[in-house]
1. Could you tell me how many of the residues in segment 413-429 are surrounded by fewer than 14 Cβ atoms within 10 Å (Cβ to Cβ) and at pLDDT 85 or above?
2. With a cut-off of at least 1 residues that are among the polar types (S, T, N, Q) and without any contact (Cβ under 8 Å) to a residue 12 or more places away in the chain, name the helices (runs of 4 or more DSSP H) lying wholly within segment 80-174.
3. If only one of 393, 381 is without any contact (Cβ under 8 Å) to a residue 24 or more places away in the chain and out of contact with any Leu (no Cβ under 9 Å at 6 or more places or on another chain), which one is it?
4. Identify, by number, the condition in (1) surrounded by fewer than 24 Cβ atoms within 10 Å (Cβ to Cβ); (2) touching a residue at least 12 places away in the same chain (Cβ under 8 Å) that residue 183 doesn't meet.
5. Looking only at helices (runs of 4 or more DSSP H) that lie completely in segment 199-316, which have at least 2 residues being hydrophobic (A, V, I, L, M, F, W, C), crowded, with 19+ Cβ neighbours inside 10 Å and modelled with pLDDT of 85 or more?
6. Here are 66, 60: which of them is assigned to a helix (DSSP H, G or I), modelled with pLDDT under 80, closer than 27 Å to residue 237 by Cα and within 21 Å of the chain's Cα centre (by Cα)?
Amino acid sequence: MISAQRVTRQARGVFYGWWIVAGGIGIQMLTAMLLGQAYGAYVVELQRQFGWSKTSFSIAYAIQQAESGLLGPMQGYLLTRFGPRNVMRVGLVLLATGFIAFSQIQSLTTFYLTFLLMAVGTSMAGFMSITTTLVNWFERRRATALAVMQTGGAIGGLAVPLVAWSLVNNGWRATAFGSGVLILVVGLPLVQLMRRRPEDYGYLPDGARLAPAAEAEPASNFSLAGLQRADFTTREALHSASFWYLSLAHSLAMFVVASVSVHLVPYLTEDRGFSLEGAAGVVAIMTGSMMVAQLTGGLLGDRFSKRLIVTLATLGHMFAMLTLALGTTFPMIVLAVVLQGSAHGLRGVLMMPIRADYFGRQNFATIMGFSSLVMMWGVMSGPIVVGLIADSSYGYEPAFLVAAAAAAVAAVLFMFARRPIPPARLQRP
């Protein structure tokens, strides 16, 4: 075993892991600004031109999430086999190609096909690939690093009003085509910052170096404290109750997040009389709250119980949906989106660190891939359920109450998701 005394202090200069964080911020910002957070704005414009129903757009979003979930286990293998840089490079090219093809669609079928291509690209270039990389580069400061990286998504959300302005002034086709070009010009250089794991460059996670006497010993099975990590195999993780509690709770929480992503802008423009630019401003308020909460959640997650934090944050989702369903005034809507953004930021930033804490980093990509198979059902069903209710005579209010109930169940499941007991092969007297 490598003792703590045989690990030298962090090398001088900026630890390269933080450059990977910077690259992740840029890529997350691109995908959130151009697609993830801007999807609701595209829905409004496409509905005006083609007259498609809310359920049709919800199905498109569900197709994207189904692809992400089904691709998860394969993506975990590809990340392990080829490394994040190669996988993400291919993903960005597919995403850019999808946007350019999207700018030429004329039917619902071609919309679904191009959206599927963008979904594959977003999955390969986005959150899971970046997160898997950072889990390898950080242990002690893992939650902080992931929190800082995820602010890219919030920054992208703050830029959604720019996309809405382009949609109104340049049209959705020109905006989509320009988005594809922007992804190639900005995204591909950022991918060059990605590296597989610190041990390949003589580091341990968080920037420590091995002392000369210890460099000959394998570092991949030890933490900075000199204690053997509980690196579960994929099979061992799947047999753990904690895996299923986390995955099911995460799925229900994403039921809420996905529903808001797809339906908030249509709800504000159709039911509350907002302009498209005004609704985009409300989205910016929500994502600004999310960014602050992400940074706060990262700092808290490295110091306090991640499970308790995500449980309380999920209750925040519930109160946000109740407020959105029952509130009719502008201050109530602002309160709802601030609650929703804060809950998403606090909970979302800790979902990957808590899995890495529970199951280790050696098989993290594959374990996360299988978890995405469970999580996708919530992301897929949320917008469809809310869309079906909204398309009926009931409207959005009861739909948001259903989302609030999903968040309540998720909070209970998070409470049961305790740290699993390490497998027998990892336990010592």
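1. Final tally of qualifying residues: 1.
2. Correct list: 84-102, 108-125, 160-170.
3. 393
4. Going through (1) surrounded by fewer than 24 Cβ atoms within 10 Å (Cβ to Cβ); (2) touching a residue at least 12 places away in the same chain (Cβ under 8 Å) one by one, residue 183 breaks only (1).
5. Counting at least 2 such residues, we get 241-266, 276-301.
6. 66
The values are calculated or read from the model by the stated rules, or taken from the named source; none is laboratory data. Being a predicted model, the structure only gives us computed values, none of them experimental. We place every Cβ from the backbone using ideal geometry, glycine too, and count neighbours over all the protein chains shown.
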